[in-house]
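See structure below.
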Amino acid sequence: MKITSISACSVDMKLKEPYTIAYETVSHTTNIFIKIETNTGITGFGCAAPDLPVTGETSGSVLRAVKDSIEPSLKGADPHRLIYQLEKIRTPLRNQPSAMALVDMALFDILGKTANLPLYILLGGFRDRMRTSITIGIIPIQETLEKAAGFVRDGFKIIKLKGGNNVEEDIEKIKKIREKVGPTIELRFDANQGYSVENAILFVKKTKSEKVQILEQPTPKGQPDQLRLITDVVPIPVMADESLMDLRDAFRLAKKGLVDTVNVKLMKVGGINEAMHINSVAKAANLEVMVGCMDESALSIAAGLHFALAKPNVEYADLDGHLDLINDPAAGAVVLKEGILFPTNLPGLGFNLDI
């Protein structure tokens, strides 16, 4: 098999409702889609969701990477030699993780389609469905409660609350959400680097009775040792998100015992192949893994889901980044039923784009 054609395009998508986190407000996103065609008629698709504050990329830089590095390196190559092809572009794309994820997905898609198997089966097939959390951004308390109640009515069993700007308000929100939704709904909290060590510890102490499941990235990513000061004293799992960008970060977090669990996002780490390496490091260190996402098309959400379904060490999913996108060209690439995500069970990533 040989790659005969590589093309890419950008798609701007507005969000149905803008949301706010500790360091920005988001109202739209631009995803890049790639199409890799072969001489056998099998075509692979991938998606990048560049985010300048997180991945250091823009849609323009990803498109330039396709033109300047990806297409010249891969056209005429054998896509089944997946690792070899990824290594060829690793150096020129060393600072472009979502561009790496773009190619990684498309090559895995081709592999699954060649085998005529859904990718999660090819990667291990540990489970066939997974619950996902649904996220509430930083909004007034009454709106927060209304959203939480609506998500529960829709069947979601896990709510993730964003905060980090005001610890007292965050504590009040968690308490009132718990009162609103009852004891069986799981609550997670993401401070998005907004807390000091002291505020993170205070938050956990004051919300003990609300049984928050996870405290995600409470402190700044540039000061990872602060995470251990929290992990060592609070009774709930502390998770690294922005502090985990690559395999080396995973090793440091694991070696120093800085956290209890890690959030692996394909856009941050460079795709499924790298995510599996990070998952192995986490497993060796007895760290749980959550697969997370950015504001991503359902196509890349599908890639994250296939990774999560394949590996038993991936305990949690936060794969809701596609739910508010308007005019997503890959809508339907995953199936959501009452807070549970399913793959389409078609070969590869399970979806063919019309691009």
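The values are calculated or read from the model by the stated rules, or taken from the named source; none is laboratory data. What you see is a predicted model; the values in this text were computed from it and never measured. Neighbour counts are summed over all protein chains in view; Cβ atoms, including those assigned to glycine, are modelled from backbone coordinates with ideal geometry. For the accessible areas, the whole protein counts, side chains as well, though only heavy atoms, and no ligand, DNA or RNA atoms are used. Shrake-Rupley method; radii C 1.70, N 1.55, O 1.52, S 1.80 Å.
Specify which of the listed residues (ALA310, ALA275, ALA330, ALA282) is at pLDDT 95 or above, among the hydrophobic types (A, V, I, L, M, F, W, C) and in contact with a Ser or Thr (Cβ under 6 Å, 6 or more places away or on another chain). Selected residue: ALA330, the only one of ALA310, ALA275, ALA330, ALA282 that is at pLDDT 95 or above, among the hydrophobic types (A, V, I, L, M, F, W, C) and in contact with a Ser or Thr (Cβ under 6 Å, 6 or more places away or on another chain). Out of all the residues in segment 106-116, is one or more open to solvent by 60 Å² or more (accessible area, probe 1.4 Å) and over 20 Å from ALA302 (Cα atoms)? Within segment 106-116 (the criterion being open to solvent by 60 Å² or more (accessible area, probe 1.4 Å) and over 20 Å from ALA302 (Cα atoms)), the answer is no, since none of the residues qualifies. Counting only helices (runs of 4 or more DSSP H) wholly contained in segment 239-355, the ones carrying 1 or more residues that are surrounded by 24 or more Cβ atoms within 10 Å (Cβ to Cβ) and touching a Phe, Trp or Tyr at 6+ places or on another chain (Cβ under 9 Å) occupy 266-269, 272-284, 298-310. The sole residue among LEU287, LEU305, LEU319, LEU323 that is touching a helix residue (DSSP H, G or I) at 6+ places or on another chain (Cβ under 7 Å) and touching a residue at least 60 places away in the same chain (Cβ under 8 Å) is LEU319.
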